[in-house]
Amino acid sequence: MNLRPSTVRPGKMAMLGVSGVLLAVLWHLGLADGPLLARGARNIGIFAQDLVPPDASVLPTVAGAMVETVEIAFAGTMLGFVGALPLALAANDTVSGRTAAGAVRMFLALVRTIPALLWAIVFVVAVGLGAGAGVLGLAMYSMGYMGKMFADAFDDIDPEVVEAVRGVGVGRLQLARFAILPETANAVLAQTLFVFEYNVRASSILGFVGAGGIGFYLLGYVQSLQYDALMMAILVTFAAVVVIDQASMRIRRRFLSVASHTATRS
Amino acid sequence: MPGVARVAPGVAVSVRDLWFSYRDAAPILRGVTFDARAGEMTVILGESGGGKTTLLRILKGLVMPLRGEIEILSSPLKRGLMGRLDPRVAYIPQQLGLIRSQSVVTNVLTGALARTGTLRSLLGLMPVEHTEEAEAILHMLGIGEKAALPVQTLSGGERQRVAIARSLMQHPTVILADEFVSQLDIVTSREIMSLARDVADRGVALVMTTHELDLAREFADRVIVLRDGAVALDSPAREVDEAALVKAIRG
Ligand SMILES: Nc1ncnc2c1ncn2[C@@H]1O[C@H](COP(=O)(O)OP(=O)(O)O)[C@@H](O)[C@H]1O
Ligand SMILES: [Mg+2]
């Protein structure tokens, strides 16, 4: 039997099909326009010239705004954590029973479908412009996201540990406190750090909608065509993100290596 | 001996006509009936997949039988408020179910949680008597000096002792132990079996599953063979020879 045509053709057909769809989509979006692309390339050239040298005079301003961005990320992550931990426990079948756990998981999924930026807009409307709206927006999204991650970690526990501790005759809160949380503590801490890293990046654009931090300046410099100042703001953001990512990743690795060590069965 | 209240000899666990199946699968327990006595070591034997672990989990109340009666000291096994399981029945799963990142004494103290009070335990305020009792039990089991170490740093035999200590903190009528010494070398197995023997001698009904026929015949009071979901042999351990056991297990 000759297998070649039937195994190769679907792959090629799919590639051709996807390429065709991509071209159609680009055309629909107005990108399949030669003169437009040429103009765009020229503009980027001019734009690039204006970016250098970065405007050092705005450094104190953008550095201060970046500190606020990191503060928003930190506060948003911590408030999100405070909400996520009890919700994740409530989303555990053994702790709250199937029906209640299912309802809590639905609620977490719902919170998560709304991106942080949209939550920030909601809170700008609710509490006004400023970092407060950013913190609350980020906290909501982080709560949904961490709630899901923690709930998954709780579900992955060695069932024998849960059964052994249940067998003692404990109540549900005791089960959470003496079996589920100690078994997952390292994973929970590592995931929280990961979300903090993510939130530093997410909070750098919260200022677009007036929710505090460096985003306000990023947008302002674009709109007022101050590209050298924009460059300075981008460099500061980049530096802060790299430093925090690296530091956080190192700490996370430590937790995770402990976690995987404790997870090995005897 | 700390942790063990002397009870009158007699039937501690009575199992009558127990049936069980996982969801829509064929029943794996088909009318299991036996007694386990206080002060005796009852060993359950049977081929892999024969339902031994399932039987212990039913006796612990972790899964519900299709039908049949289970009595602990003449009262039906039942769940308490909010699904709390009966602390008189201690359960040591095959991999022990210890929390590895935590200290030996913390693990042992979880055995007393049913009598600690929810709020108090959640706040981490363990009664001093419980800590003293836990330390005394660990000392008796020969690992008193390991109390503060994380469980993951202990050897297999030491972990087995921690699991025994946790179950003794429940002041159990019955201890159910699954594949009790399967993961230990023969020397350590014998040490642990003779410790288990001591525990049983103080009045606990010890019900264990194992594959070690020699150890079963040497240490147990009673052997029960499970085959095709029912009891194929139920006899005082000293009255059966190895050939009879093998025959009962294989059919
Ligand atoms: N959670 C489960 N869901 C479905 N089937 C199971 C489950 N646990 C065990 N079984 C099946 O039930 C049978 C008995 O298993 P088990 O009680 O573990 O036997 P043993 O401990 O004697 O080896 C096996 O066929 C096993 O595959
Ligand atoms: Mg088994």
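The values are calculated or read from the model by the stated rules, or taken from the named source; none is laboratory data. Please read all numbers here as calculations on a predicted model, not as lab measurements. Reconstructed Cβ throughout: ideal geometry from the backbone, glycine too, with neighbour counts over all protein chains shown.
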- Message: Just to check your reading of the model, which residue among A:LEU110, A:LEU118 is farther than 17 Å from A:ALA91 by Cα, in a helix (DSSP H, G or I) and more than 14 Å from every other protein chain (Cβ to nearest Cβ)?
- Response: A:LEU118
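Rundown of residues vs (1) away from ligand 2 (no atom under 16 Å from the Cβ); (2) more than 28 Å from B:SER194 (Cα to Cα); (3) away from chain A (no Cβ under 14 Å); (4) not in a helix (DSSP H, G or I), yes/no style:
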site	(1), (2), (3), (4)
B:ARG100	yes, no, no, yes
B:THR106	yes, no, no, no
B:LEU119	yes, yes, no, no
B:GLY124	yes, yes, no, yes
B:HIS130	yes, no, no, no
B:ALA134	yes, no, no, no
- Query: Hey, A:VAL104 hits all of (1) away from chain B (no Cβ under 14 Å); (2) surrounded by fewer than 19 Cβ atoms within 10 Å (Cβ to Cβ); (3) closer than 30 Å to B:GLN95 by Cβ but one; which does it fall short on?
  - Reply: (2)
- Message: Given the criteria buried (at least 17 other Cβ atoms within 10 Å of the Cβ) and either within 16 Å of ligand 2 (Cβ to nearest atom) or under 18 Å from the mean Cα position of the chain (by Cα) (or both), does B:LEU154 qualify?
- Response: no
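Yes/no matrix, rows are residues, columns are (1) hydroxyl-bearing (Ser, Thr, Tyr); (2) touching a helix residue (DSSP H, G or I) at 6+ places or on another chain (Cβ under 8 Å); (3) surrounded by fewer than 15 Cβ atoms within 10 Å (Cβ to Cβ):
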site: A:PHE47; (1), (2), (3): no, yes, yes
site: A:ALA56; (1), (2), (3): no, yes, yes
site: A:GLU68; (1), (2), (3): no, yes, no
site: A:THR77; (1), (2), (3): yes, yes, no
site: A:PHE81; (1), (2), (3): no, yes, no
site: A:ALA84; (1), (2), (3): no, yes, no
site: A:SER96; (1), (2), (3): yes, yes, no
site: A:VAL127; (1), (2), (3): no, yes, yes
- Message: I need a count of the residues in segment B:89-98 that are polar (S, T, N, Q) and either under 21 Å from B:VAL13 (Cα atoms) or more than 9 Å from chain A (Cβ to nearest Cβ) (or both).
- Response: 1
- Within segment B:35-56, can you find the residues that are within 15 Å of ligand 1 (Cβ to nearest atom) and in contact with a strand residue (DSSP E or B) (Cβ under 8 Å, 6 or more places away or on another chain)? B:VAL43, B:ILE44, B:LEU45, B:GLY46, B:GLU47, B:GLY50, B:GLY51, B:LYS52, B:THR53, B:THR54, B:LEU55, B:LEU56
- Just one of the numbered conditions (1) within 14 Å of another protein chain (Cβ to nearest Cβ); (2) in a loop (DSSP other than H, G, I, E, B); (3) away from ligand 2 (no atom under 16 Å from the Cβ) is not true of B:ARG23; which one? (1)
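Is there a residue being within 16 Å of ligand 1 (Cβ to nearest atom) and touching a helix residue (DSSP H, G or I) at 6+ places or on another chain (Cβ under 9 Å) anywhere in segment B:195-203? Steps first, answer last, please.
So the first thing to find is which residues in segment B:195-203 are within 16 Å of ligand 1 (Cβ to nearest atom), and the list is none.
Scanning segment B:195-203 turns up no residue that is within 16 Å of ligand 1 (Cβ to nearest atom) and touching a helix residue (DSSP H, G or I) at 6+ places or on another chain (Cβ under 9 Å).
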- Message: Suppose the filter is in a helix (DSSP H, G or I), modelled with pLDDT under 95 and touching a helix residue (DSSP H, G or I) at 6+ places or on another chain (Cβ under 6 Å); does B:ARG166 pass it?
- Response: no
- Near pairs, Cβ below 9 angstrom, 6+ apart or cross-chain, from segment B:51-76 (within 18 Å of B:GLU179 (Cα to Cα)) to any residue that is in a helix (DSSP H, G or I) and more than 14 Å from ligand 2 (Cβ to nearest atom): B:LYS60/A:ARG166; B:LYS60/A:GLY167; B:LEU62/A:ARG166; B:LEU62/A:GLY167
- Item | Selection count where residues are within 12 Å of ligand 2 (Cβ to nearest atom) and under 17 Å from the mean Cα position of the chain (by Cα), scope segment B:26-45 | 2
- All but one of (1) among the acidic types (Asp, Glu); (2) more than 16 Å from ligand 2 (Cβ to nearest atom); (3) more than 7 Å from chain A (Cβ to nearest Cβ); (4) surrounded by 14 or more Cβ atoms within 10 Å (Cβ to Cβ) hold for B:GLU69; which doesn't? (4)
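Would you please name the residue that is surrounded by the most Cβ atoms within 10 Å (Cβ to Cβ), looking only at residues in segment B:78-88 that are more than 7 Å from chain A (Cβ to nearest Cβ) and not in a loop (DSSP other than H, G, I, E, B)? Lay out the reasoning, then the answer.
Filtering segment B:78-88 for residues more than 7 Å from chain A (Cβ to nearest Cβ) gives B:78-81, B:83, B:88.
Restricting the remaining residues to those that are not in a loop (DSSP other than H, G, I, E, B) gives B:81, B:83.
On the way: B:LEU81: 6, B:GLY83: 13.
The selected residue is B:GLY83.
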- Message: Going by what's in this entry, would B:LEU62 be described as within 12 Å of ligand 1 (Cβ to nearest atom) and buried (at least 22 other Cβ atoms within 10 Å of the Cβ)?
- Response: no
- Query: Can you name the condition, by its number, that A:GLY11 falls short on among (1) assigned to a helix (DSSP H, G or I); (2) over 30 Å from the mean Cα position of the chain (by Cα); (3) surrounded by 10 or more Cβ atoms within 10 Å (Cβ to Cβ)?
  - Reply: (3)
- Item | Of all residues in segment B:169-219 being part of a loop (DSSP other than H, G, I, E, B) and among the acidic types (Asp, Glu), the one that is nearest to the other protein chains (Cβ to nearest Cβ) | B:ASP178
- Task: Say whether the condition of being in contact with a strand residue (DSSP E or B) (Cβ under 7 Å, 6 or more places away or on another chain) and not in a strand (DSSP E or B) is met by at least one residue in segment B:2-17.
- Result: yes
- Task: Return the pairs, sorted by first residue and then second, in which the second residue is of a type in the set (D, E, K, R), the first residue lies in segment A:164-191 and is more than 10 Å from every other protein chain (Cβ to nearest Cβ), the beta carbons are less than 6 Å apart, and the residues are 6+ apart or on different chains.
- Result: A:ALA190/A:ARG252
- Kindly list, by first and then second residue, each pair from a residue in segment A:92-118 that is over 30 Å from A:ARG201 (Cα atoms) to a residue that is of a type in the set (D, E, K, R) and part of a helix (DSSP H, G or I), limited to pairs with Cβ atoms under 6 Å and residues at least 6 apart or on different chains. A:VAL95/A:ARG172; A:ALA101/A:ASP93
